[in-house]
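Notes follow the structure.
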Amino acid sequence: MMEIIDKAGKFVSKEYEKEITKEQAQKFYYHMLRIRTFDRKGKALQRQGRIGTYVPFEGQEASQVGSALVLEEKDWMFPTYRDHGATLTFGAEMDRVLLYWNGRVEGSVPSKEKNIYPASVPIATQLPHATGAAMAETYKGTNNVAIAYFGDGATSEGDFHEGINIASVFQAPVVFFNQNNGFAISVPIEKQMNSETIAQKSEAYGIPGVRVDGMDVFAVHFAVKEAFERARNGEGPTLIEAVTWRFGAHTTADDPTKYRDQEETEKKREELDPILRLERFMKNHDMWDEDWAEKIEKEIEAELDDAIVEMEKFQKPDPADMFDYVFEEPTWTIQEQKEILKGATK
Amino acid sequence: MPIMSYIQAITTALKEEMQRDNKVFVLGEDVGRKGGVFRATEGLYDEFGEYRVLDTPLAESAIAGVGIGAAMYGMRPVAEMQFADFIMPAVNQIISEAAKIRYRSNNDWNAPITIRAPYGGGVHGALYHSQSVESVFANQPGLKIVMPSTPYDVKGLLKASIRDNDPVLFFEHKRAYRLLKGEVPDDDYVLPIGKADIKRNGTDITVITYGLCIHFAMQAAEKLTEEGIDVHILDLRTVYPLDQEAIIEAAKKTGKVLLITEDNKEGSIIGEVSAIIAENCLFDLDAPVQRLAGPDIPSMPYAPTTEKFFMVNPDKVEKAMRELAEY
C-alpha cells in the first residue's frame, strides 16, 4: 500500500520529500478542514430540519481532497452522492451543494465553470459515462482527463466491469478512483468480495492498479497525479483504491450501531483521522502555524455561514416547475398537466 | 426517386448524418468491420474509420453508458443494440441516466444519444431474437421512442433522432429490413418525432398501429375494398410521446377503432392509445375499441406453428377489420 506519511506524521517514503512544501501542506489542510466543517454542519442542518437527508463523508477527507486537487480546469469529475467533499474542492459552489441536500434541482449543477457531472445515485453508472467523456476527449484531440469516483460496493456492479473494460480496450484517459471505506451501507468489504484488494482487479484489465492509504493525503495526491499524467500522455486508464474509513453513518437515515460498533470506530480516530495525521506531520516538520490555523477556521466558518444564508433565502419552488426540462420541448401531456396544476394552485 | 429497402434507408441516413456532422459516430457490437449482424452499418467503417465506427466489447450497459458520457460531452452517438432483446442490461443506463439527465440537472446537461435496436419476430428468431420491448420504456418521460414503418419514414426519422437534443430509442422491425421497399428521396429531409401519419384514408373503420403491422394493415385494407369496406390507417411512428391529436382525429373519423401491436397485449402501447380514445371520444364511438396483439406469454416461441400463432399477420388483421366493420 502506497504511503508517504505514517500515522505519527513522519515520512515513510523519502521519494516525495522534496515535492512536499509548507504551502502545499497548508493548502491540503485548509481544504480538508473546509470540507469537514461543511460535512459536520450538513449533519447538524439535517437534524435541525433545515435540509433533507444528508450523506456524510467524515474520514474520507484525504481521499477526496488529495484526488480533487489534481484536476485541471478542463478535466471531468464524475462523483457519487458521497463525494461533495471532492466537488467542493474542485470548484463546486458551497451554496449550490447545500441546495442539493435541500432537495433542490438547482443544486445538481454545483458549478457553471467546471465539468462536474451531477452526482450519480444509481451505483456505478458513472463509470461508463467517464469512459465515454474521456473517449470523446481523445477523439477531439485534447488531453483532458476524466475521473470517476465510486465506493467499494460499486465494484460488485456490472457497470464497474463494463466501464473499466471498455476504457482499457480503448486506452481512454480516465482515472477510476475507488474509495474503499469498508462498508456498503451495512455490508462489510469482506462480504462484498473475495479478492484481497480492489486494486488487484486492475490486473484483469491489464491496466495499472494502485492501492493507497486513503488517510494519507499526500499518498492519495501523488498516486492520482501519476495516474492523470499517464492518462494525459495517452497511456490509458488507472484503477486506484484509496483505503479509507467512514466514521459516521451511511446517511442521516442510517443507524450504524445496528451493524457495527461505533465506539470502536471512535477509538480508531486517534490512529486513523486524516486531518489529525496531517496536523502531526505539519507540526513535526515546522509547517504548523497556530495563527494561520485559527484564521482559516474563522474564514471557513464565515464562508459556510454565508452559504447557508444563500441556501435559505433561495426562492421557493413553484410546483409547476416540476414539469420543466423533461425534454428540450415539453410534450402535450406535460403541457396539459402543468396547466392543470397551475389552475389548481391559483 | 430511388427505391430502397428499409435497412438501406437506415444505412443511408447514418452515412449522410456522419458526412454532415463529424460529431456523429456509431458504436456497438460488430458494427465496424462486419458492418453489423444485419449489415445496417455496412460501408461506414471503410468510409469513416475505426474512431467513428467503434466495435465495442460485448457489453450493452457500457455501449449505452459510454454513449451517454460522450453525448453529454457534446458528441452525437448512435449506439446499436444488436437485438432489442439484448437491451436489458442497458436499461439502468437508459432509464436512470439518459432519460433523467436533463431533468435532474435542471436543463444544464443533456444526452443527445440515439439507440437503435432491431425488434420483432416472424423471422424464426426464437425467444431472444423476436421481442418487442417498447413498452418497457414507454412510461419513461425523458425518452422518445420512434418505430418507423416505411423506408421513407426510416430515413427522415433516423436523421431527426440523431439531430434531436434528447435521447431517442429507434426500434427497427428486423423482418421489415429486407421485406419492405419504397421510394426514398435523395434529399436531406427530416420528419417530426412525435407526429403520427395517415397511411391510408378511409371512412368505415380506423386502424391505429405502428411498425411492421402497418404493412399488414395496408395489405388487409386492400383486400377489404372488394367487400366495400374502406379502412383508415394511422401510423403512430412515435410511440412515446404519442400524438394525441392525431389519435383522436382518426378515432372520431370512423367511430370504429382497431388497435394493433405485435407486442404482448396486456400493458402494451395500444392500451395507452385506447385510454386516449376513451377519455376523448366516448360519444363518437360506434363500437367498442378492439385490440389485436400478441398473446400474453413471455416471449415469441420458436416452433413454426406457435411462432405463426403469436405473430400478427394480414389474415388476422383482415378478420379483425371485417368483424369491426360489421359491428
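Data overview
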item	result
Those residues of region A:73-121 which are closer than 26 Å to A:R232 by Cβ, in contact with a helix residue (DSSP H, G or I) (Cβ under 6 Å, 6 or more places away or on another chain) and of a type in the set (V, I, T), in sequence order	A:T89, A:I116
Answer residue from region A:238-268, given it is assigned to a loop (DSSP other than H, G, I, E, B) and of a type in the set (K, R) and is nearest to A:F150 (Cα to Cα) among those	A:R246
Top-ranked residue in region B:139-157 [being within 12 Å of chain A (Cβ to nearest Cβ) and not hydrophobic (A, V, I, L, M, F, W, C); ranked as surrounded by the most Cβ atoms within 10 Å (Cβ to Cβ)]	B:K144
Subset of region A:121-135 [surrounded by 24 or more Cβ atoms within 10 Å (Cβ to Cβ) and either facing another protein chain (nearest Cβ under 7 Å) or touching a Leu at 6+ places or on another chain (Cβ under 9 Å) (or both)]	A:T125, A:P128, A:H129, A:A130, A:T131, A:G132, A:A133, A:M135
Check on A:N102, open to solvent by 30 Å² or more (accessible area, probe 1.4 Å), under 21 Å from A:A302 (Cβ atoms) and in contact (Cβ under 8 Å) with a residue 60 or more places away in the chain	yes
Cross-chain or 6+ apart pairs with Cβ under 6 Å, region B:80-98 first and in a strand (DSSP E or B), then surrounded by 21 or more Cβ atoms within 10 Å (Cβ to Cβ)	B:E80/B:G28; B:E80/B:V31; B:E80/B:R116
Single match in A:T142, A:T138 (criterion: within 11 Å of chain B (Cβ to nearest Cβ), open to solvent by 40 Å² or more (accessible area, probe 1.4 Å) and outside any loop (DSSP other than H, G, I, E, B))	A:T138
Given (1) over 24 Å from A:Q64 (Cβ atoms); (2) at pLDDT below 95; (3) exposed (fewer than 12 other Cβ atoms within 10 Å of the Cβ), index of the condition A:A253 fails	(1)
Any hit, region A:71-90, residues being in contact with a Phe, Trp or Tyr (Cβ under 6 Å, 6 or more places away or on another chain), acidic (D, E), crowded, with 24+ Cβ neighbours inside 10 Å and in the same structural domain as A:L304 (by TED's automatic domain parsing)	yes
Residues located in region B:292-323, provided they are closer than 22 Å to B:S135 by Cα, β-branched (V, I, T) and surrounded by fewer than 18 Cβ atoms within 10 Å (Cβ to Cβ)	B:I297
Residue within region A:215-237 that is touching an Asp or Glu at 6+ places or on another chain (Cβ under 7 Å), outside any helix (DSSP H, G or I), of a type in the set (D, E) and crowded, with 19+ Cβ neighbours inside 10 Å present	yes
Residues (more than 8 Å from B:A220 (Cα to Cα) and not aliphatic (A, V, I, L, M)) located in region B:307-322	B:E307, B:K308, B:F309, B:F310, B:N313, B:K316, B:K319, B:R322
Positions within region B:290-327 being more than 13 Å from B:N264 (Cα to Cα), more than 21 Å from the chain's Cα centre (by Cα) and not in a helix (DSSP H, G or I), in sequence order	B:Q290, B:Y302, B:A303, B:Y327
Count - residues of region B:14-48 that are surrounded by 20 or more Cβ atoms within 10 Å (Cβ to Cβ) and under 18 Å from B:A59 (Cα atoms)	8
Region A:296-317, residues that are of a type in the set (D, E, K, R) and surrounded by fewer than 12 Cβ atoms within 10 Å (Cβ to Cβ)	A:K298, A:D305, A:K313, A:K316
Flag for B:P192 being outside the structural domain of B:N264 (by TED's automatic domain parsing) and surrounded by 20 or more Cβ atoms within 10 Å (Cβ to Cβ)	no
Of all residues making up region B:41-51, the number that are more than 8 Å from chain A (Cβ to nearest Cβ), in contact with a strand residue (DSSP E or B) (Cβ under 9 Å, 6 or more places away or on another chain) and not in a helix (DSSP H, G or I)	1
Top-ranked residue in region A:105-114 [being crowded, with 20+ Cβ neighbours inside 10 Å and not in a helix (DSSP H, G or I); ranked as nearest to the other protein chains (Cβ to nearest Cβ)]	A:V109
All positions within region A:145-179 that are within 13 Å of chain B (Cβ to nearest Cβ), surrounded by fewer than 24 Cβ atoms within 10 Å (Cβ to Cβ) and not in a helix (DSSP H, G or I)	A:E157, A:Q171
Subset of region A:308-318 (residues that are closer than 14 Å to A:E106 by Cα and outside any loop (DSSP other than H, G, I, E, B))	A:E310, A:M311, A:E312, A:K313
Scope region A:180-206; condition in a loop (DSSP other than H, G, I, E, B) and crowded, with 22+ Cβ neighbours inside 10 Å; matching residues	A:N181, A:I198
Close pairs (8 angstrom Cβ cut-off, 6 or more residues apart or separate chains): facing chain B (nearest Cβ under 9 Å) and within 30 Å of A:L98 (Cβ to Cβ) in region A:315-343, basic (K, R) and part of a loop (DSSP other than H, G, I, E, B) anywhere	none
Residues within region A:236-283 that are of a type in the set (S, T, N, Q) and in contact with a strand residue (DSSP E or B) (Cβ under 9 Å, 6 or more places away or on another chain), tallied	2
Total residues in region A:44-67, condition over 12 Å from A:A242 (Cβ atoms), touching a helix residue (DSSP H, G or I) at 6+ places or on another chain (Cβ under 9 Å) and part of a helix (DSSP H, G or I)	2
Among residues of region B:53-70, those that are outside any helix (DSSP H, G or I), surrounded by 20 or more Cβ atoms within 10 Å (Cβ to Cβ) and within 11 Å of chain A (Cβ to nearest Cβ), counted	3
B:V289 vs. criteria in contact with a helix residue (DSSP H, G or I) (Cβ under 7 Å, 6 or more places away or on another chain), buried (at least 19 other Cβ atoms within 10 Å of the Cβ) and touching a residue at least 40 places away in the same chain (Cβ under 8 Å)	no
In region B:100-138, the residues that are without any contact (Cβ under 8 Å) to a residue 60 or more places away in the chain, open to solvent by 40 Å² or more (accessible area, probe 1.4 Å) and either more than 12 Å from chain A (Cβ to nearest Cβ) or under 19 Å from the mean Cα position of the chain (by Cα) (or both)	B:V123, B:H129, B:V136
Qualifying residue in region B:233-249 (condition: more than 14 Å from chain A (Cβ to nearest Cβ) and hydroxyl-bearing (S, T, Y))	no
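The values are calculated or read from the model by the stated rules, or taken from the named source; none is laboratory data. Just so it is clear, the structure is predicted and the values come from calculations on it, not from any experiment. Cβ atoms come from the backbone with ideal geometry, glycine included; neighbour counts cover every protein chain shown. Side chains are part of the model used for accessible areas, which takes the heavy atoms of the whole protein and leaves out ligands, DNA and RNA. Shrake-Rupley method; radii C 1.70, N 1.55, O 1.52, S 1.80 Å.
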